[in-house]
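Input: a single structure, listed below in structure tokens.
Values in this text are rule-based calculations from the coordinates and carry no lab data. These numbers were taken from a predicted model, which means no experiment stands behind them. Cβ coordinates were reconstructed from backbone atoms using ideal geometry, including for glycine residues, and neighbour counts include every protein chain displayed.
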Amino acid sequence: MVVDSDKHRRPRIPALNIKFILLFCLSFFLLFSDQKNNYVSLLRNSVAIAIHPIQSLVDFPQRFGSWINTNISSREELIQENKRLYDDQLQKKLALQRLASLEQENIRLRKILNASSTIKNSVQIARIISTDINPFRHLVVINKGEQDGAYNGQVLVDSNGVIGQILQTNFLSAKVILISDTDHALPVEINRNGFRALAQGNGSFHSLSIPFIPNNADIEIGDLLVTSGLGGKFPNGYPVAIIDSISLNPTQQFADVTAKPLASLNQAREVILINSN
Amino acid sequence: MPSEIKNNQNKVIAFLAILICIILILIPTPDLLKIYKPDWSLLLLIFLAINIPKEFNLGMAFLVGLLVDVSKGSLLGQHALASLLIIFLVTKFHLQLRIFPFLQLTAVVCFLIIIYQFILFWINGVSGISSSFASYLGPIISGTILWPIIAKLLGQLFIFSTTKK
């Protein structure tokens, strides 16, 4: 017979009901204060710091894999890659030469127009450390937090286009909402003619819906959508998506337009944080 | 075995299990299996509440719920509230649940996961997060299928004072 069998014969768990009621009220309080305002961000932050090592642990195999990859690639591959990168860089340099003069010209013209002359933004590279944290949303976690100067509403791009914005910063990491999330919309304009529109996420990584486009609007398949900067959150001029389908229905007031995001939303590992102030 | 050592060993195993739970939640899954990701933490908490309710009851459910909330990025308190409710029910009836036949217990667990998902759905609805019906159904199916395996596996790890069938 075991020593504490007597203890286990008693069915009662002490103060179960009272504990339940107290914790129930506490979680309701948390829910309301998290939904309405940011009172509990300190609690969330401290729990997030506790979870951060686990997140890094989960991310470790991927990092280890890429480390192996870089260390084991053969000499020939490296030479080839080096050559390709060199060519790439040459082309980029060429494009940059023109950009520098264009930028100068732009600043001069803006001065004439008395407009603000902010074109360059400082940037910071971040890495995505956790994806599909919530099946209902398109959220990812990056490895830059308040400590690195990330702030709520900061914009993320990859080498091709806009990815999303920071929803919540913790001390060491930040939660990012992608432009494909159903709760996300960003103001864009058509690069060709400056026609303003909204790009709304619809839960798919491969398409954004563009609502409220009149049937007679000047919009074509293949048009490039860039951020218009009108919402005040996104800096202007970053590419977002390309129009890939327009279906006109005469009985409806608006056309049914979708666009394909340029950034690879579900593949990117490295992202660029844009510092706009 | 002295009860103190037994309790300590159970506690260590439970904390390791919770750690593995969080890792399982954070690990990325392929798109195909995404909606079938089971509620690992809930299954673990149900097991603990049935078998060692003295050490792990409501407070633990609440804390693990908060951890899940933060790691999933959901509304703070959502999973905490849902698992609190389920674990309250389980702890209340843990002696009955212990003597249930295995199949019947699995049916009860399925029912509990349905309640859990319903609470999540409810809170999502109130706070204006819309999502497909399949994303609530997936965890119920996978959780029910996984429960017998998880229960058997965890049953091997923990030390119980009363001998089990």
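Sorting the segments A:203-216, A:74-87 by their mean number of nearby beta carbons within 10 angstrom, highest to lowest, gives A:203-216, A:74-87. Mean partner shielding of peptide B:74-86, defined as the number of other chain Cβ atoms within 10 Å of each residue Cβ, is 5. With N counted as the residues of the protein assembly as shown, its alpha-carbon radius of gyration over 2.2 N^0.38 Å works out to 1.19.
Among the listed pairs A:K36/A:K233; A:K260/B:K34; A:K233/B:K34; A:K175/A:K233; B:K92/B:K152; B:K37/B:K152, give every one whose C-alpha distance is greater than 25 Å. Result: A:K233/B:K34 exceed 25 Å.
Considering region A:119-277 at the alpha-carbon level, its Rg and Dmax are found to be 15.7, 54 Å.
Placing +1 on each Lys and Arg Cβ and -1 on each Asp and Glu Cβ, with no other charges, gives the protein assembly as shown a dipole about its Cα centre of roughly 1340 debye. Derived from the Cα gyration tensor, the three semi-axes of the equivalent ellipsoid of chain B are 27, 17, 15 Å, largest first. Computed from phi, the 3J(HN,Hα) profile of region B:77-83 under the Karplus parametrisation 6.51, -1.76, 1.60 (θ = phi - 60°) reads x, 5, 5, 4, 5, 5, 6 Hz, with x in place of Gly and Pro. The label point for B:I99 and the one for A:F29, both projected 7 Å from the Cα toward the Cβ, are 4.0 nm apart. The label point for A:S73 and the one for B:L19, both projected 7 Å from the Cα toward the Cβ, are 3.5 nm apart. Net length available on complete extension from A:D256 to A:R192 is 21.1 nm, with 0.36 nm assigned per residue and the Cα-Cα distance removed.
Under 20 Å of direct C-alpha separation, and excluding same-chain neighbours fewer than eight residues apart, B:K54 reaches these aspartates and glutamates: A:D4, A:D6, B:E4.
The gain in end-to-end length when the A:I242 to A:E146 segment is fully stretched comes to 31.2 nm, 0.36 nm per residue minus the alpha carbon separation. The phi torsions of region A:122-127, fed into the Karplus equation with coefficients 6.51, -1.76 and 1.60 and a -60° offset, translate into couplings of 7, 10, 8, 8, 10, 10 Hz, rounded to whole numbers, with Gly and Pro shown as x. In summary, the aspartates and glutamates within cross-link reach of A:K111, defined as a Cα separation below 15 angstrom excluding same-chain residues under 8 places away, comprise A:E103. Relative to the longest principal axis of the Cα atoms of chain B, helix B:40-51 runs at roughly 30 degrees.
The distance from the alpha carbon centre of region B:116-165 to that of region A:85-116 is 56 Å, rounded to a whole number. Remark: mean inter-chain Cβ contacts per residue of B:25-35 equal 4, using a 10 Å Cβ-Cβ cutoff to other protein chain atoms.
In this simple spin-label model, placing a label point 7 Å from the Cα along the Cα-to-Cβ direction at both B:E4 and A:K92 gives a separation of 6.4 nm.
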